[in-house]
Amino acid sequence: MASSTSSPTAREAASVSVPDSLERFAADLRELKLRAGDPTLHELSSQIHVSKGVLSEAFSGCRLPSEKTTLKVVEALGDDAKEWLERRSLLDTRARRRDETVVEGSPDPTDASSKKRPPWRIVLAVAL
């Protein structure tokens, strides 16, 4: 009568009535990493040829990993990539729909890069 305390699989997490989120996806990736022996980012990076920075963003939930990165990470950690890719695709679709609701021409408040000016504009302003 042992109870399982492990994190849900990709399929279970995607089918839960609570909507999936980037944070939940990242938390489940971290749980998968733990179950796979908790390799360091350096070890995983060397094995799958993905930068430690990209891996860090994926595991922290800062950014949704690309399909290619998701595939490499999940396969290296020994889980079913198909389920994870389906889940990732749903999250990506939701993010795109949310981004499309931003009024054209107005900066997206969640996009930090929209607040930065290209360096050449700053140089031109200083040169004038």
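Key figures
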read-out	value
Under 12 Å, Cβ to Cβ, from Ala36 - net charge with Lys/Arg +1 and Asp/Glu -1	-2
³J(HN,Hα) computed for each position of the stretch 38-48 - Karplus, 6.51 cos²θ - 1.76 cosθ + 1.60, integer Hz, glycine/proline x	6, x, 5, 4, 4, 4, 5, 4, 5, 6, 10
Shape call, the stretch 10-99: gyration tensor on alpha carbons, a/c limit 1.5	prolate
Stretch gain in nm, segment Glu43-Ala95, where the contour uses 0.36 nm per residue and the Cα spacing is subtracted	15.7 nm
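No value in this document is a laboratory result; all are computed from the given coordinates. This is a predicted model, so every value here is computed, not measured. For neighbour counting, all protein chains shown are included, and Cβ atoms are generated from backbone atoms with ideal geometry for every residue, glycine included.
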